[in-house]
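In what follows, a structure is listed as structure tokens, so that the remarks can point back to it.
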Number of protein chains: 2
Amino acid sequence: MSATELDVVCIGNAIVDVMTRCSEQTIADMGLERGAMTLIDAAQAESLYTSMGPTLETSGGSACNTAAGVASFGGSVGYVGKVRDDQLGEIFSHDIRSIGAVFETPAAKHGPPTARCFIFVTPDGQRTMNTYLGACVGLGPDDIDSTLVERAKLTYLEGYLWDPDEAKQAFLKAARLAHVAGRQVALTLSDAFCVDRHRASFLELVNNHVDVLFANEEELLSLYETSSFDEAARAVRGACQVAAVTRSEKGSVIITEEAVHEVKAEPVEQVVDTTGAGDLYAAGFLYGFTQGGDFPACGRLGSVAAAEVISHIGPRPHTTLARKAGL
Amino acid sequence: MSATELDVVCIGNAIVDVMTRCSEQTIADMGLERGAMTLIDAAQAESLYTSMGPTLETSGGSACNTAAGVASFGGSVGYVGKVRDDQLGEIFSHDIRSIGAVFETPAAKHGPPTARCFIFVTPDGQRTMNTYLGACVGLGPDDIDSTLVERAKLTYLEGYLWDPDEAKQAFLKAARLAHVAGRQVALTLSDAFCVDRHRASFLELVNNHVDVLFANEEELLSLYETSSFDEAARAVRGACQVAAVTRSEKGSVIITEEAVHEVKAEPVEQVVDTTGAGDLYAAGFLYGFTQGGDFPACGRLGSVAAAEVISHIGPRPHTTLARKAGL
């Protein structure tokens, strides 16, 4: 491995998205948790898939979408995540490498197949996700390559990693390695229900191990168990270096000890599919951040990336974000 | 199997599409045959895939896209095609069954993996295809279920079936069974280069075994080895009951012994991806035809279906075509 510096290394659950469009009625009939990410087992995955309409498959995984976004801005990225040595694993590996990312996590040779996330997109563009973790549960501390983490200005971790047991250890190892090397650590809270499952440890992480925190409004409210955005914003202020909180069409708020910056959302002609919106906001923000941009500039890049990804189906950019942002 | 009558049974190469967007320069640099379908072997498939950008996977296969289109109009359909018992094969099988199609061709338990078609979509929406036939070469006469063919008002065959050796026998068996049962047979010429590979047998087929012929302008010119559309149109007239010839934005021409009908193309806001345009035209036409519609009405349904599929990425309808057509 070359010793070139990387902008961002992303660590997350390596997942292939299986997407379908459906009506609001279908969400209700199937008893799905609208807008959320729900974990399902192999049997539920099979039953859910059987009841789904025609699908479209594409590489996903929250942190991997972010890596793809940073690369689309022109940043250099690495990715760590676990697939199986099966067809979906090959697709996942191909896609992340095709954008120039360093991806060397060995594929599992045994055990469950590559993870998949069944995504139901309703006419308003909202996505409801059901994830079968599959091979992701095999990601462990041994998969964290210290050289890779040390090479990166920043290591980005998704909160979803807290779901598979061993991945949590991998997460902590990576955060520790990054800080020992004088690098920075970013975390996304991922999903309000994920925060609910892991609130105490997330609070500990945010207060002690995270430099840059990403959350949407709902996740931040869940973290601080409040229904008041102002209260949650006060609570997070100073807990880490910077918290970037997305608020859908209201844009985002960037909170540091010194200041609070409000950033507008970029206009979108039609919201087709919100899958990846938060992941791509993080990508834009982190690209700006690792290039030394000021916070409003970082936020604007986040807005540009999020606007691009919600204007089409699929969680990764379809156009070069650097050009989109006029860089 | 129930004895209910089906509108259309489609027989073809069962293929998963692996799609990517690219520039005109990429097509030139990679030496691809722009706008055509080229057959590739396993080694070429691997090398091509390695050089491709990020991809999006979706069930394809020309005749299967047509089956999906007929179903989207509300028609009842069956499909015959060969996949392997692998992940891509599962996706393919799921998608065709999820639209209500009868699909009972057993998946191969050995041999090459499920076929894939690498599709490069240029900014003008044109698609350039490279197909690795994989498990399709395992489709043979034994896979043709006589009951299924006899149940259908019409059996639709794709010219691409002429490429894998055994599939040709399957094709002929199906055509024979259909006619013996007093049913009709439709053929699409599929691709100008495919016509070039198999011109003599296609001419024999059209003259003796086909009731409804689908072709685009280029394919028809290739069949009759002429550069004059009028000459080709004269040649096909009366060769079969009806020939429906698509001419992109110029619409289509429906040629019977008695008359020639010109049908307009439906307006499209933006051509995003022409993959599946011909397949969906055939779907609309065949839905109308099997419902007893007159030729101009059949052509209009073809135009509506083609317009829908080229306005988004992917070869199958994203909306209910029956509603789109005001049925």
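In percent, what relative contact order does region A:56-210 have, based on Cα pairs under 8 Å that are 6 or more apart in sequence?
Numbers: 225 pairs, mean separation 27.4, N = 155.
Relative contact order of region A:56-210: 18 percent.
Shielding of peptide B:315-325 by partners, expressed as the average count of other chain Cβ atoms within 10 Å per residue Cβ, is 1.
Let's test the formula: R0 of 25 Å, r as the Cβ-Cβ distance of residue B:318 and residue A:33. What FRET efficiency results, to the nearest 0.05? It would help to have the intermediate numbers written out before the result.
Details: r = 25 Å, r/R0 = 0.99.
E(calc), rounded to 0.05, equals 0.50.
Sorting A:263, B:271, A:102 from the fewest to the most surrounding beta carbons within 10 angstrom yields B:271, A:102, A:263.
On the principal axes of its alpha-carbon atoms, the protein assembly as shown has extents of 82, 49, 46 Å, going from largest to smallest.
What does the structure give for A:79-90 when I average, per residue, the other chain Cβ atoms found within 10 Å of the residue Cβ? Please report the intermediate quantities before stating the final value.
Values: counts 0, 0, 0, 0, 0, 1, 0, 3, 12, 5, 1, 3.
Shielding by partners across A:79-90 averages 2.
For region B:196-205, putting each phi into the Karplus relation 6.51 cos²θ - 1.76 cosθ + 1.60 with θ = phi - 60° gives couplings of 4, 5, 10, 3, 4, 6, 5, 4, 4, 4 Hz, in residue order, rounded to whole numbers and with x for Gly and Pro. Directionally averaged projected area (region B:1-109, Cα convex hull): 8.2 nm². Legend: mean number of C-beta atoms from other chains within 10 angstrom of residue C-beta atoms, peptide B:91-98, equals 4. Using 0.36 nm per residue and subtracting the Cα-Cα separation, the extra length available between residue B:264 and residue B:250 on full extension is 4.4 nm. The phi-based Karplus calculation (6.51 cos²θ - 1.76 cosθ + 1.60; θ = phi - 60°) puts the 3J(HN,Hα) values of region A:137-147 at 5, x, 6, x, x, 5, 7, 8, 8, 4, 4 Hz, whole numbers, x for Gly and Pro.
The GNM of chain B, with springs linking C-alpha atoms under 10 angstrom apart, assigns the highest mean-square fluctuation among B:219, B:249, B:166 to B:249. Couplings for region A:255-264, taken from phi via the Karplus curve 6.51 cos²θ - 1.76 cosθ + 1.60 with θ = phi - 60°, read 10, 10, 4, 7, 7, 10, 10, 9, 10, 6 Hz in order; Gly and Pro are left as x. For region B:288-303 versus region B:17-68, the spacing of their alpha-carbon centroids is 31 Å. For residue B:126, the amide hydrogen comes within under 5 Å of the amide hydrogens of B:274, counting only partners 5 or more places away or on other chains and with H modelled in the peptide plane. Only DSSP H runs of four or more residues enter the estimate; each adds -39500 (n - 2.57), and after division by the residues of the protein assembly as shown the mean residue ellipticity at 222 nm equals -11000 deg cm²/dmol. Between the amide H of residue A:108 and those of A:83, A:84, A:85, distances stay under 5 Å, these residues lying 5 or more places away or on another chain, with hydrogens modeled in the peptide plane. Residues whose amide H falls under 5 Å from that of residue A:6, counting only those 5 or more places apart or on a different chain, are A:152, A:153, with hydrogens built in the peptide plane.
Find the percent of Cα-Cα distances in chain A that exceed 37 Å, and round it to a whole number. Don't jump to the answer; show the numbers that get you there.
Details: 4236 of 53301 pairs.
Here the long-distance tail beyond 37 Å is 8 percent of all Cα pairs in chain A.
Plainly put, region B:129-248 has a radius of gyration that is 0.97 times its Kirkwood radius, both from alpha-carbon atoms, as the Rg/Rh ratio.
Computed on region A:207-257, with alpha-carbon pairs under 8 angstrom and 6+ residues apart, the relative contact order is 39 percent. In region B:225-311, Cα pairs under 8 Å separated by at least six residues give a relative contact order of 26 percent.
On the basis of the beta-carbon distance and an R0 of 35 Å, residue A:142 and residue A:241 show a calculated FRET efficiency of 0.75.
We did not get these values from a lab; they are worked out from the coordinates using the rules stated. What you see is a predicted model, and the numbers here were worked out from it, not measured in a lab. For neighbour counting, all protein chains shown are included, and Cβ atoms are generated from backbone atoms with ideal geometry for every residue, glycine included.
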